[in-house]
């Protein structure tokens, strides 16, 4: 644990040195390589998520990123406050919107095929918005994607890995790191995030073998190709194979490929349902035939 050997206890108050606002710790939301995130409540009742880092520089960097991507429709939490405190374990911090939802790996099994497609589309749309600022997420993984199951809304958490294009990736998870599989460099780019989405999709459908970390990169790539061929749904397989062949290298192209996927419970657009038409035509024909027969019997025709 980086900031403190022991997290702050629920009920602890953190008082801002400059703003004099007070936040009450409600519990730990998560820990990472560069800090701890707490669920907090401000003294006026506003809920938030407090990120505590080791240095003021780390706090300032992440705060600037949140402000860079803020606005309507942003997949990242909205920034609320940045401050220091005199409390050990919370010297440097910022507070952001507390996002509700379940981590993608927990929500995924209960999602219908069409809902899974919608979630993947929203993930890629969020990445496209981030890439437009010249930054990559660089830590795309199920635990950093929250799904609000009632609305299908997707939000990203933990902006600590966000990196300007061309810079070295600072934090990553091996199983969603393209460089670990020898697919790309470990530098921030749209392609790096596209590979991460593909690797995340594989991890949601299949388990990596325990021997994965013992294999050289070329063997890991071979294993990945077999998993895409054997474990992924046939409707999705062409998309991930195109990513593996580098035919898809940016978020807009990946979004277009996902939008074209046809899943089982998704209504087909642009194609008429001739089954219903045939049924009603048959019924109408039977009614007309019956009416003509009665008309002949009664001498009306």
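Descriptive notes on the structure:
- Cβ-derived FRET efficiency at R0 51 Å, residue 242 paired with residue 6, nearest 0.05: 0.60
- In degrees, nearest ten, helix 113-131 long axis to first principal axis of the chain (Cα): 40 degrees
- Computed per residue of the chain from DSSP H runs no shorter than four, each worth -39500 (n - 2.57), the mean residue ellipticity at 222 nm is -11500 deg cm²/dmol.
- Convex hull volume of the C-alpha atoms in the stretch 13-96, normalised per residue: 95 Å³.
- Sites residue 43 and residue 150, calculated FRET efficiency, Cβ-Cβ separation with R0 30 Å, nearest 0.05: 0.50
- Label-point separation, residue 208 to residue 222 (7 Å along Cα→Cβ), nm: 1.8 nm
- The convex hull drawn around the Cα atoms of the stretch 50-101, when projected onto a plane and averaged over every direction, covers 3.8 nm².
- Spacing of the two label points (7 Å from each Cα toward its C-beta) at residue 106 and residue 170, in nm: 2.7 nm
- The stretch between residue 129 and residue 262 holds 45.4 nm of extra length on full extension. This uses 0.36 nm per residue minus the Cα-Cα distance.
- Three principal axis lengths of the stretch 102-259 [C-alpha, angstrom, descending]: 42, 35, 27
- Helix 274-297 axis versus longest C-alpha principal axis of the chain: approximately 30°, rounded to the nearest ten.
- Angle in degrees between helix 217-231 and the longest Cα principal axis of the chain, rounded to the nearest 10: 30 degrees
- Summarising the overall dimensions of the chain from its C-alpha atoms, the Rg and Dmax are 26.0, 102 angstrom.
Every number in this text was worked out from the coordinates using simple rules, so none of it is lab data. Because the structure is predicted, anything quoted here is derived from the model rather than measured. Counting neighbours? That spans all protein chains shown, and the Cβs are built from the backbone with ideal geometry, glycine included.
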